[in-house]
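Encoded as structure tokens, here's the structure I'll be asking about.
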Amino acid sequence: MTAPLMANDLNQPTMKPAAPTGRRLSLPVLLLVIAGALALTSIVRIVTGADGITNVSQMSTALQLAVPIGLAGLGGLWAERAGVVNIGLEGMMILGTWFGAWAGFQWGPWTGVLVGIIGGALGGLLHAVVTITFNVNHIVSGVALNILALGATRYLAPLAFEGHQGGSAKQSPPVDSLGSFTVPGLSDGLKSLNDHGWFFVSDIAGLLGGLVTDVSWLTLIAVALIPASWWILWRTPFGLRLRSCGENPVAAESLGVNVYKYKYLAVIISGGLAGLGGVFLSIVANPFYLEGQTSGRGYIGLAAMIFGNWMPGGLAIGAGLFGYTDSLNLRGGSANVHALLLLGALLLLVGAIWLAVRRQYVKAVITFVVGALVFAWYAGTNEVPNQVVSATPYVITLIVLALSAQRLRMPKADGMPYRKGQGK
């Protein structure tokens with residue numbers, strides 16, 4: 001009885017696949033958690049006087065820095081939902097930065113966007129051939145792709161950019177802007193409300209103001225790709241078949257799914273999304289290609305995907321968190337990070353109380369002690385070293401992954417070798 005039902009689900013376009021199941025926060029609870037975090041942040045802002053942690057400029061910068069991380073993570077989600085581990089996201093982003101800038105300064109920024117996506121997709125195709133057709137270890141292939149992309153762009157950059165005005169062996173000529181938009185009236189109103197410094201209300205105004213002030217058109221496209229990916233992967237027969245390849249490819253093959261085809265499509269799309277993240281760096285964040293421009297954002301995108309439990313919504317929250325901490329480097333870094341020490345201490349205190357309520361006393365004590373140490377650091381200093389500010393995004397990445405590790409559930413066949421007909 002079960003097999004015919006599954007076969008019907010996989011092959012009938014008119015049927016809607018079920019939404020993903022599992023323990024997840026409901027929307028009201030999630031909004032309550034976000035509101036609580038904002039309230040604590042507001043308290044910290046008032047106590048410390050670090051108004052920069054929630055102003056419009058900070059949030060706008062955080063959004064800009066979150067986009068390439070989110071696109072890389074979204075690329076990783078597509079590949080891993082089909083069962084292919086994609087450590088090569090960094091290399092695909094590098095290809096996107098180079099190809100995007102190379103085409104952008106010659107034929108315009110939108111052409112650069114398209115060519116950058118193609119460059120990343122080519123990296124995805126190479127990763128797919130090596131891992132799917134030749135069954136090479138996915139981690140080895142991804143690392144090799146990262147090294148290859150770095151070496152290839154380093155070799156090609158002098159050939160393509162030297163001799164052009166503004167170009168050099170490590171930098172491309174400038175690329176024209178894609179343009180941006182600001183919602184008139186609403187942007188000014190939110191900024192004015194944020195400037196008042198009121199508890200909670202001004203912080204929400206700063207958050208919303210960053211979403212409607214000087215936003216690139218490519219940012220709008222990137223944000224739209226989050227719900228679009230969710231709808232395709234969880235609400236269409238195509239998405240159901242693709243995800244079945246990452247859960248049980250043998251069963252999927254027995255029901256007529258061309259597992260190789262779906263894996264190839266997923267990894268190529270993954271490369272295209274990572275390439276788009278690279279394009280954002282070389283056309284929007286900076287109007288030129290620069291060697292080392294990705295700065296490990298492909299790996300942080302992979303961490304955001306894991307933090308989000310291989311789900312688009314969680315991935316977006318993770319990318320926003322990492323983008324926010326990264327933005328501290330650019331705007332009042334030392335003072336803002338010092339204020340966030342107090343926020344961290346308060347969050348750890350709340351966590352300790354929550355663990356104690358759930359009778360996990362050992363974890364509660366450890367959490368409380370760590371929180372007390374963080375508070376002592378805050379109280380005993382007036383600023384933090386610049387090295388700590390620079391390392392903050394990466395430290396947050398490790399902490400978040402450590403705290404979320406127990407609730408993660410990766411696709412069952414993710415990274416496992418597969419050969420056509422192996423189930424016979």
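Taking segment 245-261 on its own, how many of its residues are farther than 26 Å from PRO68 by Cβ, in a helix (DSSP H, G or I) and open to solvent by less than 20 Å² (accessible area, probe 1.4 Å)?
Going through segment 245-261 one residue at a time, the tally reaches 4.
Right, next: What's the number of the condition LEU330 fails, among (1) within 25 Å of GLY298 (Cα to Cα); (2) part of a helix (DSSP H, G or I); (3) of a type in the set (A, V, I, L, M)?
Of (1) within 25 Å of GLY298 (Cα to Cα); (2) part of a helix (DSSP H, G or I); (3) of a type in the set (A, V, I, L, M), only one is false for LEU330: (2).
Same structure, new question: Could you say which residue among PHE288, PHE280 is in a loop (DSSP other than H, G, I, E, B), open to solvent by less than 60 Å² (accessible area, probe 1.4 Å) and touching a Pro at 6+ places or on another chain (Cβ under 9 Å)?
Going through PHE288, PHE280 in turn, the sole match is PHE288.
Could you list, in sequence order, the residues of segment 327-375 that are more than 23 Å from SER390 (Cβ to Cβ), crowded, with 17+ Cβ neighbours inside 10 Å and of a type in the set (Val, Ile, Thr)?
THR367
While we're on this one: Return yes when ILE94 is touching a residue at least 24 places away in the same chain (Cβ under 8 Å), over 15 Å from THR325 (Cα atoms), open to solvent by 10 Å² or more (accessible area, probe 1.4 Å) and over 16 Å from the mean Cα position of the chain (by Cα) and no when it is not.
So ILE94 does not fit the description; no.
On to the next question. Could you grab me the full set of residues in segment 192-246 that are within 21 Å of LEU321 (Cα to Cα) and of a type in the set (Val, Ile, Thr)?
VAL201, ILE204, VAL212, THR213, VAL215, THR219, ILE221, VAL223, ILE226
Looking at ILE139, is it under 15 Å from VAL85 (Cα atoms) and either assigned to a helix (DSSP H, G or I) or open to solvent by 60 Å² or more (accessible area, probe 1.4 Å) (or both)?
In short, yes.
Also, I was wondering about something else. Pull out all pairs, ordered by first then second residue, where Cβ-Cβ is under 6 Å, the residues are six or more apart or on different chains, the first lies in segment 54-69 and is under 25 Å from GLY88 (Cα atoms), and the second is of a type in the set (S, T, N, Q).
From segment 54-69, the pairs are ALA62/SER327; LEU65/SER327; VAL67/THR219.
Condition check: part of a helix (DSSP H, G or I) and either free of Cβ contacts under 8 Å to residues at least 12 places away in the same chain or closer than 18 Å to MET59 by Cα (or both). Does SER202 satisfy that?
Taking the combined requirement at face value, the residue satisfies it.
How about segment 208-258: which of its residues are of a type in the set (Phe, Trp, Tyr) and either in contact with a Leu (Cβ under 7 Å, 6 or more places away or on another chain) or under 30 Å from ALA285 (Cα atoms) (or both)?
Initial filter on segment 208-258 (of a type in the set (Phe, Trp, Tyr)): 217, 230-231, 234, 238.
Answer for segment 208-258, where residues must be of a type in the set (Phe, Trp, Tyr) and either in contact with a Leu (Cβ under 7 Å, 6 or more places away or on another chain) or under 30 Å from ALA285 (Cα atoms) (or both): TRP217, TRP230, TRP231.
Shifting gears a bit: Give just the number: which of (1) β-branched (Val, Ile, Thr); (2) in contact (Cβ under 8 Å) with a residue 40 or more places away in the chain; (3) in a helix (DSSP H, G or I); (4) open to solvent by 20 Å² or more (accessible area, probe 1.4 Å) does THR153 not satisfy?
Here THR153 clears every test but (4).
Would you please name the residue that is farthest from THR61 (Cα to Cα), looking only at residues in segment 159-169 that are surrounded by fewer than 16 Cβ atoms within 10 Å (Cβ to Cβ) and touching a residue at least 12 places away in the same chain (Cβ under 8 Å)?
Checking each candidate, the answer is HIS164.
Look through segment 105-131, keep the residues that are free of Cβ contacts under 8 Å to residues at least 60 places away in the same chain and hydrophobic (A, V, I, L, M, F, W, C), and return whichever of them is most open to solvent (accessible area, probe 1.4 Å).
My answer is TRP107.
Shifting gears a bit: With modelled with pLDDT of 90 or more, of a type outside the set (Phe, Trp, Tyr) and under 29 Å from TYR289 (Cβ atoms) as the only criterion, which of GLY91, GLY83 stands out? Walk me through it before giving the result.
Values: GLY83 fails: under 29 Å from TYR289 (Cβ atoms).
The conditions single out GLY91.
Among the residues of segment 291-313, write down those that are open to solvent by less than 20 Å² (accessible area, probe 1.4 Å), farther than 18 Å from GLY271 by Cα and either among the hydroxyl-bearing types (Ser, Thr, Tyr) or part of a helix (DSSP H, G or I) (or both).
Correct list: empty.
The values are calculated or read from the model by the stated rules, or taken from the named source; none is laboratory data. Predicted, not measured: the structure shown is a model, and the values here were computed from it. Cβ sites come from the backbone with ideal geometry, for glycine too, and all protein chains shown count toward neighbours. Ligands, DNA and RNA are stripped out before the accessible areas are found, and what is left, the full protein with its side chains, is counted by its heavy atoms. Shrake-Rupley method; radii C 1.70, N 1.55, O 1.52, S 1.80 Å.
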